[in-house]
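None of the figures in this text is laboratory data; all of them are computed from the coordinates on show. Owing to the predicted nature of the structure, the values given are computational and were not obtained by experimental measurement. Here the Cβ positions follow ideal geometry from the backbone for every residue, glycine too, while neighbour counts run over all protein chains shown.
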Amino acid sequence: MGTITVTKTLNVDAARAWAALADFGNIAHFHPGLSGSHLLDGSANAGVGAERRCDLKDKNYLVERVRDWKDGSSYTVDIIESSMPLRSATATLSVRAIDNQRSEAAMTVDMTMKFGLLGVVMEILMARPTMKRTMVSILDGLDQFAGASAAPPVETAAATA
């Protein structure tokens, strides 16, 4: 079983970062590895029990269910179905204020691969490094997405002749 944690200072306040995270069904807005994401039928968009499907660009998929939700700060999901060789996986996304303009986001993933000893080797050699790169890109995407939603509209000067 391997646990990986990645943190990033975001150039956006914690409320905006949380608003992006809390839009649970739309993680594809800032997760660059996803081709799409959506809530499962009948699922709430927030809170314990919410479920979403994440379609990866490589044609794999994950179905996640919220097991813990701390409004304004974090949520933890269990991967309950996947096309990947995971025996189990849990991910926590969180955000905390640094000051009025910056926040810190963290992502922790705890996973166990299928296939016994072969799965352990796969996890060490391939899955952990790939997962860490993915986690960094998710937090980078969160920073860009939440920051873009905070940016004031750009005004353009009318051309004069």
Cross-link table Lys8/Lys114; Lys8/Lys59; Lys59/Lys132, entries beyond 24 Å C-alpha to C-alpha | Lys8/Lys114; Lys8/Lys59
Electrostatic dipole magnitude of the chain [Cβ: Lys, Arg +1; Asp, Glu -1; Cα centre; debye, to 20] = 420 debye
Expressed as a rounded percentage, what relative contact order does the chain have, with Cα pairs under 8 Å and six or more residues apart?
-> 29 percent
How do Val121, Val109, Val6 line up, fewest other C-beta atoms within 10 Å first?
-> Val121, Val6, Val109
Once phi for every residue in region 133-145 is put through the Karplus expression 6.51 cos²θ - 1.76 cosθ + 1.60 (θ = phi - 60°), the whole-Hz ³J(HN,Hα) values, with Gly and Pro written as x, are 4, 5, 4, 4, 5, 5, 5, 4, x, 4, 4, 5, 5
Given the options Gly42, Gly119, Gly25, which has the most mean-square fluctuation in a GNM of the chain, springs set between C-alpha atoms less than 10 angstrom apart?
-> Gly42
Taking each pair of different alpha-carbon atoms in region 2-150 once, compute 1/r for the pair, average those values, and report the inverse of that mean as the Kirkwood hydrodynamic radius in Å to one decimal.
-> 15.5 Å
Note the full-extension length gain between Asn60 and Thr130 as 0.36 nm times their separation in residues minus their Cα-Cα distance, in nm to one decimal.
-> 23.8 nm
For region 29-39, Karplus-derived ³J(HN,Hα) couplings (6.51, -1.76, 1.60; θ = phi - 60°; whole Hz; x for glycine and proline) come out as 4, 10, 8, x, x, 9, 8, x, 8, 7, 5
Could you list which residues have their amide H under 5 Å from that of Met113, counting only those 5 or more apart in sequence or on another chain, with H placed in the peptide plane?
-> Arg87
Table column - 3J(HN,Hα) (Hz), region 116-128, Karplus curve with 6.51, -1.76, 1.60, x for Gly and Pro | x, 4, 4, x, 4, 5, 4, 5, 5, 7, 10, 5, 4
